[in-house]
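> There's a structure below that I have some questions on.
The values are calculated or read from the model by the stated rules, or taken from the named source; none is laboratory data. Just so you know, these numbers come straight off a predicted model, no measurement behind them. We place every Cβ from the backbone using ideal geometry, glycine too, and count neighbours over all the protein chains shown. Note: areas computed on protein heavy atoms with side chains; ligands, DNA, RNA excluded. Shrake-Rupley method; radii C 1.70, N 1.55, O 1.52, S 1.80 Å.
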Amino acid sequence: MHILHTISRNKQIIFLLIVTGLLLPAACKKNPYSTHKLSNTLVVLTELTAGDSVKIPIGKSTLIENNNTVSFGTVNNAIVHLQDTLGHSWLIPLNTAPEFSGGATSVYSNSQILQPNTTYTIEVSDPELGTAKASTHIPPAFVITEVDTLREIYNDQEMLTFHFTINDVPDTDNYYIIEALKQVTKIYRHFIYRNVTYNYDTPDGQALYNRIKNEQPPVPLLTDTIPTNNFIRLNLLTFDPNADNTLLNSTTGLFRRVFLQSSVFNNPLYSTSVSVITKNFISDSPQMKGKVLFMVKSVSRELYDYLFLYEKYKIDFGTFPSSQLSLPPGNITNGLGIFGGSFRYVLTYYFDTF
Amino acid sequence: MKNIGITVLLFLTLLAMPVKGQQGPLLSRSYHSKLKKGTIRELLQTFIDESGIVVEYISNFLETDRVVSLTGNETTVSVFLQHVLQTQRVTVLEKNGKLILVPIKPPAGDQDAFASTYAIFGFIKEEGSKEPLINATIQEPLTGKGTLTNTFGYFTLSLPAGPHTLRISYVGYATRTIGITLNENSRTDISLSPGTPVPEIVVASGSRLKKYAAKNINAEQANQYPAGNELVGENDPIRSRNLLPGVISVQDYADGFLVRGGSPDQNQFLLDGNEVFNPTHLLGSLSIVNKTSFKSMLLHKSDFPSRFGGGLSSIMDVYTKDGNMEQWQGEANLGFLAASAAVEGPVRKNKTAVMFSFRRSLTTPAVRLLDEKFNARFYDVHFKITHLLNENNKLMLNVYTGHDRMKLQQSNSNNLQKWGNKLGSLNWNHLLGARSFMNTAFNVSHYNNLAGYQYPLYDDSSDVPVIISTFNTYSSISHYDVKTQFEVQPANNIRFNFGGKIAYTMIKPFSTNLSDGFIENVDDYNLVMTLPFKEYTLYYENEINIDNRLLIRPGVHFNHYRFRNFHFNSIQPRFFASYKLDDRQQLYAAYNKMTQYLHMVSNPFMGVNNMIWVPSTRLVKPEESTSMSLGYSLRNTTGVSLSAEAYWKKMNNLTSYIEGGNIFSNDNTWEQSILTGKGWSYGLEFQAEKKFLHWQIMCAYTLSWNWRQFNNLNNGRRFPFKYDRRHVLNITVAYKPRNNWSVSAVWNFSSGDAFTLPEKIYPDFDNGQHIVDPGDPLAAYRFIYHYSALNQFHTRPYQRLDAGTDYAVHTGKKVSHKLSAGVYNVLGTASSYNYDLQASLDGKFNISLSRNRLFNISPYISYTIIF
């Protein structure tokens, strides 16, 4: 009851100073910046699409350290296994085609066609980065009907508005992502001379054509388009109040993707409309000529969640400090990124002249 | 009388307080006894011989042959007598130039059982100005019966019929003793004169049971360490709270102060009972309360009396002066930061008084000298009129308006911030009778806030800014309430406090505009929606002295809340108890449940206090907290006071400082944009103070842990609160060689803040699919940041040293001058550290550390004239 009575007042002060002195060194142990030991990890950025062949972009992270260059190393020695629930297993090799090289990720691919309503599991092993695993389910097939298009102008921007009805697969929660891309096409010019096809876009072919072009009968120069694996993003606009885009707070009103959940509209036939900005529909640049793909995708939950916060990240990037950005939630065990599945319904349009 | 009887039956009889003595000029004289050991009779006789002071006593009441040893430290008559008589049941009365030793009466229950009891009641006021004094003590020394004045200076004390001697004291004022004879309930208003208080004679200074754990700071106490109040020459009495344990003052670029791990919005600030939503100038550095109008403040952070609600972490209850009822007086101040003036005086003597204060910043030239990037202006005007309708009724009309405009130009961004408060209140004090008091008030509080954030976007190849974008956001909040509170004290050992409040609050979030430049005209914003809500409050509490060692104060605060179709009832039990271990030491404990319906969400990326208030809804539930604390205090006669307190607090439905949050309320989805989570904090607080000769030293230390947990953040794992400062230490020293001269210094040290920074990047998803966006101005930034945990890093520790001196001279009977000089932030240390990450695709990472401070090493000088 009278502990402090036995301590003289000078001792009380000394006691307090000792207590304070004991506590202060703990404060000094705080590091101004963490000394956590960090290491790089495997990165998987995959959207398995039903009806398409297997293409799995794989990369690695880069540690943030002062004076570290902002670039990504390649992962070309990984062993990639893909497996479905029926027990089929594929070893996916590295695709060394030029169109897949030079990027931040290496593409592992094969010609196996992916099936809807199927679960796939991936295992990526790298001698340096360890083993990463993930699985996803490609949703079942669905269709869209009652497609109608309309040219409109909104805020001085020309748009092509798509009205359509999603025939939602019942009894499951489905996650829809709508996006529009322009698939860049390579123009292939050729001519047929004496039953032999020559490539006009080579010096020899061009020289030959210049020599024979005036012969009779005239030799026509033929043009063909070949789709590449390069795409151009087309921005979208939606006024659908059920779209999750209302949570994204885009100050421009434009989005890269439109997000819809069947649990929100709760109707087997859901009609909505999405407008595509037509700015890049037609291009004079050969590198931007191509076909317009308007895609309605039913995607796996984890892909939906990842892309939704990825969209938010892209909107906030440059406005928020890096520490305030919403990070996309991945599903890669012992790695970063996303391994998701989708079934897509595609409408294709050509606007460019070749 | 019947009520008293029932009360006595229901609750235990009030026992007499311990021995206390009366102070006076004789007792404060210096005295050193040459005799170090002797009988009480010998020591008293030696005292009479050496001092020439007559001491009368009846030897039957004293053990005159008891031998007493002195320590040699007795320097005054009061301390000498205290040591000689500490074992005797006598007290000392000073009367007619003599000291009289009189026996202590037996406990009141024994002697007064058949005597009629009457109440002496009234107000304790400052001599001359008639300014009511808050928490002044009125006590009968012989029985120990006593009470405190309430926040309006009112007291009531029940005593047996007959003659009584009452002792009235208040910190910073000369103690006064009066004699009364009670034959009926008696109204007595008592005046105290400002002056040097005399040390108490008996070790009773710490013996009065704590009625609450709140720290009460009046104008005199707030100025004990001037360096702690001075902000570049502007004296802000509210800043003295920052010296207390459990309180941290966050960096100057944020909003003010935080209490026990709570967010800034969890501190409710009441100015004369009216809620103020942002009570600061200069981004929290300076309070809106002008020193010249400040009277007193109570900071509740351990216990919350039942009448309070709405602030989870603290209640700042600040009172301003009513105005001088006797004569006109004024004060003018000129400093580096602002110029201010205040006048007060009677419109009708002893009937109607007014108080008017005005302050305007001079920061445009002065602050630019200190930091050329910073431009801030503010002003405030305060007007108060007090009118005594009659001796039982008083009306007070209070009007305040203040405004801030701040612009900050940085290399990569510009900020504009404009905010202001408009307050009005009408208060009615009414004495219902000898033992009951009522206060009714109507309050209006309006706050508006405009924040703009401007930033450039750079061309990838040339690093030339190609777009300058500005986010502009504006919001306002209007609050109206009517409240009434009753205090009934049927007997000295019990008090009933009860009352109610009806409040209506309207929040108006406006559209967020994106433009090339700042939008300062509020008419250019469109109202998105209105968010009105209502609150109905009832409260009740008892303050019960079980005996002279134990006080308890159980209570409950009930609240009904309505926002659209969302209704919420909150029952908030409160409890406080204090227990006296002996005349020097006390234990106290508190338990509180609190509910808060207003949430403050912010856009932290904007770097300034971009506060947006939102109400509780079905999705964004009311914030609730449960807190407990246990404290110990010691105060002895040699000027040493110690206190230690342990606390634990849990908070639910927190919203503040959401990471990545973006609450531009431009649609009806704002609720879904807000993440809610929980938090908890616990810690230990110590405070020690020592006064000796001309010195005064105070040391306050806090050891605390503060956590947050949000289901949608950090994978649901807990993470440290942004302001999780493990250690906070304040050391304050004041030296007063003369009454008109003081020198003081304050050193503050605290651990650094927690912060988040990405650890790694990985390739962009669209990039992986070979998708490019030609319209994206940031197309080159093709990577995703990743961090494994929130707030896992800590900045380096903070410290700041302030020093200053005050010197006062009188040049006339009513005119005095005060010169203050000093240096704010002597070491030029940072008040916030910001770690930022910059990168470009062709470049390299750069983790930059910026040291922000509103004021660098800032010498100041200010002049005050009081007339």
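> Would you mind working out the accessible area per residue for the protein assembly as shown, using a 1.4 Å probe, and quoting it in Å²?
40 Å²
> For region B:684-702 and region A:100-169, what is the separation of their Cα centres, given in Å?
With region B:684-702 and region A:100-169 each reduced to a Cα centre, they are spaced 67 Å.
> Sum up the charges of everything whose Cβ sits under 10 Å from the Cβ of A:LEU269, counting Lys and Arg as +1 and Asp and Glu as -1, but leave A:LEU269 out. Numbers along the way, then the final one.
Numbers: positive: none; negative: A:GLU146, A:ASP168.
Residues near A:LEU269 contribute -2 overall.
> So if R0 is 51 Å, what FRET efficiency would B:ARG717 and A:ILE153 give, r being the distance between their Cβ atoms, rounded to the nearest 0.05? Mind showing how you got there, number by number?
On the way: r = 49 Å, r/R0 = 0.96.
Efficiency, rounded to the nearest 0.05: 0.55.
> Please compute the Kirkwood hydrodynamic radius of the protein assembly as shown from all pairs of different C-alpha atoms, in Å with one decimal.
Hydrodynamic radius (Kirkwood, Cα only) of the protein assembly as shown equals 34.9 Å.
> Could you give the nm distance between label points at A:ASN229 and B:HIS810, where each point is 7 Å from its Cα heading toward the beta carbon?
That separation, rounded to one decimal, is 9.3 nm.
> Could you quote the convex hull projected area for region A:42-138, Cα atoms only and averaged over all directions, in nm²?
Average projection, Cα convex hull of region A:42-138: 6.6 nm².
> Rank by packing, highest mean first: peptides B:257-264, B:637-644, B:594-601, A:164-171, with packing defined as the count of other Cβ atoms within 10 Å averaged across residues.
Those peptides, ordered most packed to least, come out B:257-264, B:594-601, B:637-644, A:164-171.
> Now for a separate question. What length, rounded to one decimal in nm, is gained on full extension from A:TYR349 through to A:ASN66, with 0.36 nm per residue of separation minus their alpha-carbon distance?
That works out to 97.2 nm of additional length.
> Quickly work out the A:ASN266-to-A:MET288 label distance, labels modelled 7 Å from Cα along the C-beta direction, and quote it in nm with one decimal.
Each label point lies 7 Å from its Cα, and together they span 4.4 nm.
> Still on this structure, I have one more. Mean Kyte-Doolittle hydropathy of 1.0 or higher plus an axial Cα length of 20 Å or more: which whole DSSP H helices in chain B meet both?
Helices passing the filter in chain B: none found.
> Test of understanding: express the Cα radius of gyration of region B:20-103 as a ratio to 2.2 N^0.38 Å, with N the residue count.
Rounded to two decimals, the normalised Rg is 0.96.
> If Lys and Arg each add +1 and Asp and Glu each add -1, what is the summed charge of the other residues whose beta carbon sits under 15 Å from the beta carbon of B:LYS36? Please list the in-between numbers first.
Details: positive: B:LYS34, B:LYS37; negative: B:GLU42, B:GLU50, B:GLU74.
Summing Lys and Arg as +1 and Asp and Glu as -1 gives -1.
> What is the packing order of peptides A:189-195, B:700-706, B:530-536, A:237-243, taking the mean over residues of other C-beta atoms within 10 Å and listing the highest first?
B:700-706, A:237-243, B:530-536, A:189-195
> Hey, another quick one. Take the cross-link list B:LYS295/B:LYS691; B:LYS384/B:LYS593; B:LYS351/B:LYS580; B:LYS98/B:LYS321; B:LYS125/B:LYS818 and give me the ones stretching past 32 Å between alpha-carbons.
On the way: B:LYS295/B:LYS691 24 Å; B:LYS384/B:LYS593 34 Å; B:LYS351/B:LYS580 42 Å; B:LYS98/B:LYS321 38 Å; B:LYS125/B:LYS818 25 Å.
Pairs exceeding the cut-off: B:LYS384/B:LYS593; B:LYS351/B:LYS580; B:LYS98/B:LYS321.
> Suppose a student asked you for the relative contact order of region A:42-138, using Cα pairs under 8 Å spaced at least 6 residues apart; what percent would you report?
Rounded, it is 32 percent for region A:42-138.
> Once you average over the residues of B:722-734, how many Cβ atoms of partner chains fall within 10 Å of each Cβ?
2
> Then there is this: Mind ordering A:105-116, A:337-348 by average Cβ neighbours within 10 Å, highest first?
The most tightly packed comes first, giving A:337-348, A:105-116.
> Then there's this: If you take each beta carbon of peptide A:57-67 and count the beta carbons of other chains within 10 angstrom, what is the mean?
Working: counts 6, 2, 5, 3, 8, 7, 4, 13, 5, 6, 5.
That works out to 6 on average.
> Using 1/(1 + (r/R0)^6) with R0 = 35 angstrom and r between the beta carbons of B:HIS817 and B:LEU684, what's the FRET efficiency to the nearest 0.05? Don't jump to the answer; show the numbers that get you there.
Numbers: r = 44 Å, r/R0 = 1.26.
After rounding to 0.05, the efficiency reads 0.20.
> Let me ask you something else. What does the average come to when, for each residue of peptide A:305-318, you count the partner chain Cβ atoms lying within 10 Å of its Cβ?
Counting Cβ atoms of other protein chains within 10 Å of each residue's Cβ and averaging gives 3.
> To continue, here is another question. What percentage of the solvent-accessible surface of chain A, computed with a 1.4 Å probe over protein heavy atoms, is contributed by carbon and sulfur atoms?
The computed percentage sits at 52.
> For chain B, give the percent of accessible area contributed by carbon and sulfur heavy atoms, probe 1.4 Å, rounded to a whole number.
Solvent-exposed carbon and sulfur of chain B make up 55 percent of the total.
> If you take the C-alpha gyration tensor of chain A, multiply each eigenvalue by 5 and take the square root, what semi-axes do you get, largest first, in whole Å?
So the three semi-axes of chain A are 53, 28, 23 Å.
> Calculate the spin-label point distance for A:THR119 paired with B:ILE468, positioning each point 7 Å from the Cα along the beta-carbon direction, and give it in nanometres.
5.7 nm
> Based on the alpha-carbon gyration tensor of chain B, what equivalent-ellipsoid semi-axes (square roots of 5 times the eigenvalues) come out, in whole Å, largest first?
So the three semi-axes of chain B are 53, 29, 26 Å.
> Here's a follow-up. Diagonalise the Cα gyration tensor of region B:376-427 and give the resulting equivalent ellipsoid semi-axes, square root of 5 times each eigenvalue, largest first, whole Å. Each step should come with its number before you reach the end.
On the way: eigenvalues 324, 12, 5 Å².
Working from the Cα gyration tensor, I get semi-axes of 40, 8, 5 Å.
> What aspartates and glutamates does B:LYS394 reach when the alpha-carbon gap must be under 12 Å and sequence neighbours fewer than 8 apart in one chain are set aside?
Excluding near neighbours in sequence, the set is B:ASP322.
> A further question on this structure: Rounded to the nearest 0.05, what FRET efficiency do B:ASN856 and B:ARG360 have when you use their Cβ-Cβ distance and R0 = 25 Å?
Calculated transfer efficiency: 0.60.
> Something else about it: For region B:818-867, list whatever residues lose no less than 40 Å² of accessible surface once every protein chain is in place, relative to that chain by itself, with the probe at 1.4 Å.
The answer is B:LYS844, B:PHE845, B:ILE847 - residues whose exposure falls by at least 40 Å² when every protein chain is included.
> Nearest 100 Å², what total accessible surface is buried between chain A and chain B (probe 1.4 Å)?
Values: alone 20960 and 35320 Å², together 48820 Å².
The buried area between A and B, both sides summed, comes to about 7500 Å².
> What helices does chain A hold that run 20 Å or longer along their axis, going by alpha-carbon atoms, with a Kyte-Doolittle average of 0.5 or more, using DSSP H for the helix calls?
Length and hydropathy pass: A:9-28.
> Now for a separate question. Separation of region B:544-582 and region A:257-296 by C-alpha centroid, Å?
If we compute the Cα centre of each part, the gap is 59 Å.
> For the protein assembly as shown, what does -39500 (n - 2.57) per DSSP helix run (n ≥ 4), summed and divided by total residues, give at 222 nm, in deg cm²/dmol to the nearest 500? Intermediate results must be reported in sequence, preceding the final value.
Working: 13 runs with 107 residues, N = 1221.
One gets -2500 deg cm²/dmol as the mean residue ellipticity at 222 nm.
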